[in-house]
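**Q** Submitted below is the structure of interest, expressed as structure tokens.
The values are calculated or read from the model by the stated rules, or taken from the named source; none is laboratory data. Model, not experiment: these values are computed from the prediction. For neighbour counting, all protein chains shown are included, and Cβ atoms are generated from backbone atoms with ideal geometry for every residue, glycine included.
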Amino acid sequence: MTATRVLVINSGSSSVKYQLLDMRDHSRLAVGLVERIGERSSRLRHTPGRGGEVRERTGPIADHASALKSVAEELAADGLGLDSPELAAIGHRVVHGGKRFTEPTVIDEPVLKEIERLIPVAPLHNPANLTGIRTALALRPDLPQVAVFDTAFHTTMPEAAARYAIDVETADAHRVRRYGFHGTSHAYVSRETAKLLGRAPQEVNVIVLHLGNGASASAVRGGRCVDTSMGLTPLEGLVMGTRSGDVDPAVVFHLKRVGGMSADEIDVLLNTRSGLVGLCGDNDMREIRRRIDEGDERAQLAFDVYIHRLKKYIGAYYAVLGRVDAVVFTAGVGENAAPVREAALAGLEGLGLEVDPALNTARADGPRVISPEGARVVVAVVPTDEELEIATQTYALVGGGSA
Ligand code: ADP
């Protein structure tokens, strides 16, 4: 029997998301989430594929090991246990791969050490990712397990885009450079966009706008990333749900010296109490649009700041690429919020960028073009699928297919 299944694990600090995919047809055999690990009110929500009924477990789940054990039990109950010979590999999302990991990588002890070495630049994410990996390795030490890095797609950025203009020795001593994140999504969406255009990825230049709760833009030339908006951490760039995106770095010194805040307090402010939530109290674009319709000025301000920044990045990446074949919207906001797409491109007709109002607001699921017939640049909506991309890269690496 050929092994054609891949389990994708995304392990966060208090949650584990998972999907089991059949790589023959990319179908989901199971999708689930364990939340609030380490609390009394932990919850496992397991959705079997092919219309099976959702199952929930509540009650304390002490740690990631217990969480993964419960996941394994749920999978086994559907005849999809981790010991199944049809399981080809496990693919793990790892947030930070530094400069070293430019590709998905089969996990062994030296790889684990290197991911650990990157903890200082990803203190929130890499430890949680590592816990997930170690737990899965304990359950199936014999099975190939692959790390797929959020940063990998961006390692092709030229130095001119990856360097901050600060003292080189200081920067290098502390590994301070622009790494970029959401790479799995940017890779998947830029490739799917080429497909939508009926061309090879090597032939097209694309600006990808990944607008979820976290948000980032990338400039992709011929399938390779040449610039992206997130930097050393996911804080840089676009206005996000709770993150500020770009600010003058002196804001930090000012808040410390004049505002009397500590580095940790400023970190929390810029990462969790800024962006849309900081500007208007809401980070859900649906709620913000509803408030705007009621004439709420704070919501309008938040929307305007969000759009202004987005438009600046579209212009910047247009200049970086020189020639743009497509501008693509993806993730929760990008896929669903027609007013964001319309406003972001308003006034850019001179650059060949236009949105057809009817196509933009039409309800649809798959990848679709929303620019008018014959437009110089294609504007499109391409749903992202990070789990499928992780599974595809994992499967290709263990010899199951081509990415
Ligand atoms: P993440 O993966 O970063 O948590 P998602 O890509 O799932 O985020 O995006 C979540 C965000 O998408 C929500 O916070 C909300 O702002 C936005 N969103 C989801 N659905 C809609 C919709 N129908 N209209 C407008 N915005 C939406």
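**Q** Tell me the residue from 373, 297 that is acidic (Asp, Glu), within 26 Å of residue 196 (Cα to Cα) and away from the ligand (no atom under 13 Å from the Cβ), please.
**A** One residue alone meets the criteria, 373.
**Q** Pick from 137, 143, 124: which is part of a helix (DSSP H, G or I) and surrounded by 15 or more Cβ atoms within 10 Å (Cβ to Cβ)?
**A** After ruling out the rest, the residue left standing is 137.
**Q** Hand me the list of strands (runs of 3 or more DSSP E) wholly inside the stretch 1-87 holding 1 or more residues that are among the polar types (S, T, N, Q), surrounded by 20 or more Cβ atoms within 10 Å (Cβ to Cβ) and in contact (Cβ under 8 Å) with a residue 40 or more places away in the chain.
**A** 5-11, 16-22
**Q** Scan the stretch 322-332 for residues that are in contact with a helix residue (DSSP H, G or I) (Cβ under 6 Å, 6 or more places away or on another chain) and within 16 Å of the ligand (Cβ to nearest atom) and jot them down.
**A** 328, 329, 330 - these are the residues of the stretch 322-332 that are in contact with a helix residue (DSSP H, G or I) (Cβ under 6 Å, 6 or more places away or on another chain) and within 16 Å of the ligand (Cβ to nearest atom).
**Q** Continuing with the same structure: Could you list all residues from the stretch 301-321 that are within 19 Å of residue 338 (Cα to Cα) and either surrounded by fewer than 15 Cβ atoms within 10 Å (Cβ to Cβ) or within 16 Å of the ligand (Cβ to nearest atom) (or both)?
**A** Within the stretch 301-321, 301, 302, 303, 304, 305, 306, 307, 308, 309, 310, 312 qualify.
**Q** From the set of residues in the stretch 1-21 that are of a type in the set (Ser, Thr, Tyr) and modelled with pLDDT under 95, which is nearest to residue 80 (Cα to Cα)?
**A** Step by step, filter the stretch 1-21, then rank; the result is 2.
**Q** Please go through the stretch 242-262 and give me each residue that is out of contact with any Asp or Glu (no Cβ under 8 Å at 6 or more places or on another chain) and either within 16 Å of the ligand (Cβ to nearest atom) or not hydrophobic (A, V, I, L, M, F, W, C) (or both), ordered by number.
**A** Residues satisfying the conditions are 242, 243, 244, 248, 249, 254, 256, 257, 259, 260, 262.
**Q** State which residue pairs qualify: first residue closer than 13 Å to residue 240 by Cα and inside the stretch 277-289, second residue of a type in the set (S, T, N, Q) and more than 6 Å from the ligand (Cβ to nearest atom) in any location, beta carbons under 8 Å apart, and separation of 6 or more residues or different chains.
**A** Close Cβ pairs satisfying both conditions: 277/242; 278/242; 278/244; 283/242.
**Q** Say we look at the stretch 163-184 and pick out the residues that are among the hydrophobic types (A, V, I, L, M, F, W, C) and over 20 Å from residue 94 (Cα atoms); which of these is surrounded by the fewest Cβ atoms within 10 Å (Cβ to Cβ)?
**A** 165
**Q** Here is a further query. If you go through the stretch 356-403 one residue at a time, how many are under 13 Å from residue 326 (Cβ atoms) and among the hydrophobic types (A, V, I, L, M, F, W, C)?
**A** So the answer is 9.
**Q** Is there a residue being farther than 26 Å from residue 154 by Cα and not in a loop (DSSP other than H, G, I, E, B) anywhere in the stretch 94-113?
**A** Looking for residues that are farther than 26 Å from residue 154 by Cα and not in a loop (DSSP other than H, G, I, E, B), one finds none in the stretch 94-113, hence no.
**Q** Residues 342, 287, 335, 265: which one is away from the ligand (no atom under 16 Å from the Cβ) and of a type in the set (Asp, Glu)?
**A** 265
**Q** Sort out which residues of the stretch 283-316 are outside any helix (DSSP H, G or I) and on the phi < 0 side of the Ramachandran plot, and write them in order of number.
**A** Hits for the stretch 283-316 are 283, 284, 294, 296.
**Q** What are the residues in the stretch 317-349 that are in a loop (DSSP other than H, G, I, E, B) and within 15 Å of residue 213 (Cα to Cα), if any?
**A** 337
**Q** Could you count how many residues in the stretch 268-282 are more than 15 Å from the ligand (Cβ to nearest atom) and either over 22 Å from residue 304 (Cβ atoms) or in a helix (DSSP H, G or I) (or both)?
**A** Residues that pass the stated criteria total 3.
**Q** Has the stretch 288-296 got any residue that is closer than 23 Å to residue 182 by Cα and at pLDDT 95 or above?
**A** Within the stretch 288-296, not a single residue is closer than 23 Å to residue 182 by Cα and at pLDDT 95 or above.
**Q** I'd like the full set of residues that are of a type in the set (Lys, Arg) and under 21 Å from the mean Cα position of the chain (by Cα), limited to the stretch 344-403.
**A** 368
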